[in-house]
1. For Val37, list long-range residues whose amide hydrogen, built 1.01 Å from N in the peptide plane, is under 5 Å from its own amide hydrogen.
2. If you roll a 1.4 angstrom probe over the protein chains with everything in place, what fraction of the accessible area of the range 70-129 belongs to carbon and sulfur, to the nearest %?
3. Rounded to the nearest 500, what is the 222 nm mean residue ellipticity of the chain from helices alone, with -39500 (n - 2.57) per DSSP H run of 4+ residues and division by all residues?
4. Calculate one ³J(HN,Hα) per residue across the range 76-84 by plugging θ = phi - 60° into the Karplus curve 6.51 cos²θ - 1.76 cosθ + 1.60, and present them in order as whole Hz with x for glycine and proline.
5. For the range 70-201, what value does the Rg/Rh ratio take when both radii are computed over Cα atoms and Rh is the Kirkwood radius, given to two decimals?
6. Residue by residue through the range 117-131, which ³J(HN,Hα) values in whole Hz follow from phi under the Karplus form 6.51 cos²θ - 1.76 cosθ + 1.60 (θ = phi - 60°), with glycine and proline marked x?
7. Give the percent of DSSP beta bridges with both residues in the chain that are antiparallel, rounded to the nearest 5.
8. Please identify, among Lys74, Lys123, Lys112, the residue showing maximal mean-square fluctuation in a Gaussian network model of the chain using a 10 angstrom Cα cutoff.
Amino acid sequence: MHIVAFNGSPRAKGNTYKMLSRMLDRCRERGFTTELVSMGDVGYGCKSCGLCRKNEREWCYQKDDPIINECFAKLLAADGVILGSPVYAGWLTPSMKGFIEKAVFMARAPIKRGEPHTVLRNKVGVAVCSTRRSGGIQTLQSMMSLFAHTQMIMPCGGDWPIASFGSMNPDAFLQDERGMAIIDRTADSLIEALFRLHGDK
């Protein structure tokens, strides 16, 4: 089985990257193949042109976002999905927001054509957030909207999967022992859900 993580941080090797890398390491230890995708180059949010809902292929037809269709293809191919974003001005980053907006529209295209399910139905997804102080819950809820709108399954780790630190140091996550424990439990919940759906190894 394959798990893909999407990093919404413009900092290629910052705290969000370290959180996602730790989770993917844990997944590989249980036999999954993994991929980490940087969302730093995703363009503007959805323009609600509706073309993805009127055509048989669920792709974005806007030309201002060169990698959204590539990222959506990775989303379609994965069994498990991890979304990660730092908090920027109390919210998720523009690149992650743009990705979620477009992915929701594309995934729900079959429903708009009268079919019963989205193309992401029953995939398993979790979201994690890194923050210096506040804004973590709003950011998580925004990312989780992808799962809710597209009929995905969202396991929980028993706590908000937020790593919080009072520093912008790119290694601050590694000093947050409680945050790392929560992130580990979230990864384990993702793994367990996938095994229950597809069969334990």
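The values are calculated or read from the model by the stated rules, or taken from the named source; none is laboratory data. Here the structure is a predicted model, which means the values were calculated and not measured. To get the accessible areas, we keep the full protein, side chains included, count just its heavy atoms, and leave off ligands, DNA and RNA. Shrake-Rupley method; radii C 1.70, N 1.55, O 1.52, S 1.80 Å.
1. Ala5, Phe6, Asn7
2. Working: 1120 of 2050 Å².
About 55 percent, which is the carbon plus sulfur part of the accessible surface.
3. Values: 7 runs with 83 residues, N = 201.
Taken over the chain, the calculation gives -13000 deg cm²/dmol.
4. Result, rounded to whole Hz: 5, 7, 7, 8, x, 10, 10, 10, x.
5. Over the Cα atoms of the range 70-201, Rg/Rh equals 1.00.
6. 9, 7, 6, 9, 3, 6, 6, 10, x, 9, 10, 9, 9, 10, 8
7. Values: 1 of 23 bridges.
If I count the DSSP bridges inside the chain, around 5 percent turn out antiparallel.
8. Lys112
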